[in-house]
Amino acid sequence: ELDNTKLGRLMGRHLLELGHQHVAYITPPLTARQKQRFRRVEGFLDEFRKAGYGDQVIVKEADEEFDRNVPGIDSEYRIGYDLTKELLRTEKDLTAIVGLNDMIAFGIMDALHEAKIKVPTDVSVMGCDNTLFARMHNMNLTTIEHFVTFKGRDACDIIMKKIATHHSTNTGAVPISTYHVEYEPQLIVRGTTTYAKNARKKKN
């Protein structure tokens, strides 16, 4: 299990601590059947609301068509890229853009690079999942680690235990057990986030 609300709060808190106030969050569609996406965004918004900047967060979501089609390998990247392009046409004073996951964040970074906007000097970028690419030197993406591999391993262990228990009982009754495993998400700060411009001026 993953507490996506907690994960979103971590992302929001990191940017607030760096002085970011006017930010955007790019996400796939926030439909009713995609509760985990919604919770991640809601956790992020909660942190900004508590700080008094809730009305300065722009949530930019892809059309529902995205979830109706089988996504291609680059579909989430395209969401980040295309929606960042749209944002840049209307928003001139954003200091940070967040992607729901790392692939969206990579699309955000490429769109900013094409627009000659420097990351993180002009705009900070943040993702989530700590994928292999996020750790590569040329990406160096600030992200959230929530231990997907460990969760998969634990799920397999639980299944094997349940199978073993089912075969070993001699009472005629089938034991029912409930397991709850939850990893704490961790912020991984790398090279794509820094203090917002106005915060840097105050520090100097």
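Can you confirm whether segment 69-81 contains a residue that is farther than 17 Å from L30 by Cβ, at pLDDT 95 or above and in a helix (DSSP H, G or I)?
Looking through segment 69-81, at least one residue is farther than 17 Å from L30 by Cβ, at pLDDT 95 or above and in a helix (DSSP H, G or I).
Would you be able to tell me the number of residues in segment 5-34 that are open to solvent by 10 Å² or more (accessible area, probe 1.4 Å), touching a residue at least 24 places away in the same chain (Cβ under 8 Å) and part of a helix (DSSP H, G or I)?
Total satisfying the criteria: 7.
Taking the condition under 19 Å from D102 (Cα atoms) and outside any helix (DSSP H, G or I), does I58 pass?
On the way: under 19 Å from D102 (Cα atoms): yes; outside any helix (DSSP H, G or I): yes.
When the stated conditions are applied, I58 passes them.
Every residue in segment 104-133 that is modelled with pLDDT under 95 and farther than 24 Å from L16 by Cβ, please.
T131, L132, F133 - these are the residues of segment 104-133 that are modelled with pLDDT under 95 and farther than 24 Å from L16 by Cβ.
Cβ contacts < 9 Å: first residue under 7 Å from G107 (Cβ atoms) and open to solvent by 40 Å² or more (accessible area, probe 1.4 Å), restricted to segment 69-83; second residue acidic (D, E) and at pLDDT 95 or above, any location; separation 6+ or different chain. Result?
Y77/D110
Do we find that L45 is assigned to a loop (DSSP other than H, G, I, E, B) and among the hydrophobic types (A, V, I, L, M, F, W, C) in this structure?
Numbers: assigned to a loop (DSSP other than H, G, I, E, B): no; among the hydrophobic types (A, V, I, L, M, F, W, C): yes.
In short, no.
Going by what's in this entry, would T142 be described as open to solvent by less than 80 Å² (accessible area, probe 1.4 Å), in contact with a strand residue (DSSP E or B) (Cβ under 8 Å, 6 or more places away or on another chain) and modelled with pLDDT of 80 or more?
So T142 fits the description; yes.
What is the residue count in segment 84-99 for residues that are of a type in the set (A, V, I, L, M, F, W, C), closer than 17 Å to G19 by Cα and open to solvent by 10 Å² or more (accessible area, probe 1.4 Å)?
Of all residues in segment 84-99, those of a type in the set (A, V, I, L, M, F, W, C) come to 87-88, 94, 96-98.
If we keep only those that are closer than 17 Å to G19 by Cα too, we end up with 94, 96-98.
This time we only want the ones that are open to solvent by 10 Å² or more (accessible area, probe 1.4 Å), so: 94.
Residues in segment 84-99 being of a type in the set (A, V, I, L, M, F, W, C), closer than 17 Å to G19 by Cα and open to solvent by 10 Å² or more (accessible area, probe 1.4 Å): 1 in total.
Looking only at segment 100-115, how many residues end up being of a type in the set (D, E, K, R) and buried (at least 24 other Cβ atoms within 10 Å of the Cβ)?
Within segment 100-115, the subset of a type in the set (D, E, K, R) is 102, 110, 114.
Pick out the ones that are also buried (at least 24 other Cβ atoms within 10 Å of the Cβ) and you get 102.
Count: 1.
F106 fails exactly one of the following numbered conditions: (1) part of a helix (DSSP H, G or I); (2) more than 13 Å from the chain's Cα centre (by Cα); (3) of a type in the set (A, V, I, L, M, F, W, C). What is the number of that condition?
(2)
The values are calculated or read from the model by the stated rules, or taken from the named source; none is laboratory data. Keep in mind that what you see is a predicted model, and the values were worked out from it rather than measured. We place every Cβ from the backbone using ideal geometry, glycine too, and count neighbours over all the protein chains shown. Note: areas computed on protein heavy atoms with side chains; ligands, DNA, RNA excluded. Shrake-Rupley method; radii C 1.70, N 1.55, O 1.52, S 1.80 Å.
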